[in-house]
Amino acid sequence: MDRLRACEPSDEFMAGAKAFLEDNSEDFDMLRDFLSDEGHYNSSRSIRSRSRLRELSMAGLAAALLVTVSIWRLLAPGRHEWMASNLFHEPGPPVFAGRVDDKTFNEMISAYRLNDPARGLALLRILEKAENTDKGTMQYFGGWFQYLRREYDSAALCFGNVRDAASPYRQKAEMMRAASLCLGGCYDSASGILNRIISDSGHPYRKQASTMLADDRLW
């Protein structure tokens with residue numbers, strides 16, 4: 001008991017427990033019973049400590065809830081990450097050795113795969129000046145680099161410039177434009193594109209568009 005009187009509580013909850021014991025003849029059984037059923041004891045001697053413990057218990061519960069919510073928010077995928085895992089994976093075209101322009105293009109695709117948008121955009125600017133570069137392809141990967149930088153307005157603009165029906169990236173660009181507009185806060189424009197995709201029976205990304213449109217966390 002002397003050790004109890006001399007000890008310094010490490011936190012407020014322990015201080016409340018010490019006060020309870022001091023008010024109740026250092027009866028550990030009473031403390032144990034109180035913690036399991038706080039309504040059992042009504043002696044005026046224990047009112048101060050019981051009230052203090054109750055306040056601390058509620059504060060502890062609130063703190064634990066706050067920590068739990070904070071951890072959940074940290075671990076839960078953000079909107080950008082949701083898009084990355086639920087839309088589609090763009091592997092990019094195969095990389096081959098060849099002419100100088102091909103080498104630069106291959107390096108750009110490697111930068112995309114390595115998630116290095118700064119390097120990718122620098123290489124893309126070089127390729128845009130070449131005469132034999134496909135503009136739709138440049139716009140498409142330019143959109144991806146801007147998307148990876150979370151520059152959603154610029155990404156949407158690039159994806160929207162892929163208009164050639166013969167481009168292998170047109171439908172992908174359409175889907176990614178909707179994703180970029182959504183993340184950029186242009187919800188009406190994004191939902192309009194998604195609804196058009198859903199209504200197109202031949203569109204390869206109808207399922208992804210439906211999933212995206214139905215998820216309230218994105219809107």
- [ ] Test residue 168 against the criterion of being at pLDDT below 95, more than 23 Å from residue 192 (Cα to Cα) and assigned by TED's automatic domain parsing to the domain that holds residue 195, and give yes or no.
- [x] no
- [ ] Tell me, yes or no, whether region 128-135 has at least one residue that is crowded, with 18+ Cβ neighbours inside 10 Å and hydroxyl-bearing (Ser, Thr, Tyr).
- [x] no
Task: Only listed residue being surrounded by fewer than 22 Cβ atoms within 10 Å (Cβ to Cβ), touching a residue at least 24 places away in the same chain (Cβ under 8 Å) and assigned to a loop (DSSP other than H, G, I, E, B), chosen from 163, 217 - done: 163
Task: The one condition in (1) without any contact (Cβ under 8 Å) to a residue 24 or more places away in the chain; (2) hydroxyl-bearing (Ser, Thr, Tyr); (3) over 17 Å from residue 80 (Cβ atoms) that residue 154 fails to fulfil - done: (3)
Task: Number of positions in region 196-213 that are surrounded by 15 or more Cβ atoms within 10 Å (Cβ to Cβ), assigned to a helix (DSSP H, G or I) and more than 22 Å from the chain's Cα centre (by Cα) - done: 3
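The values are calculated or read from the model by the stated rules, or taken from the named source; none is laboratory data. It should be emphasised that the depicted structure is a prediction, and the values quoted were computed from it without experimental measurement. Cβ: placed from backbone, ideal geometry, glycine included. Neighbour counts: every protein chain shown.
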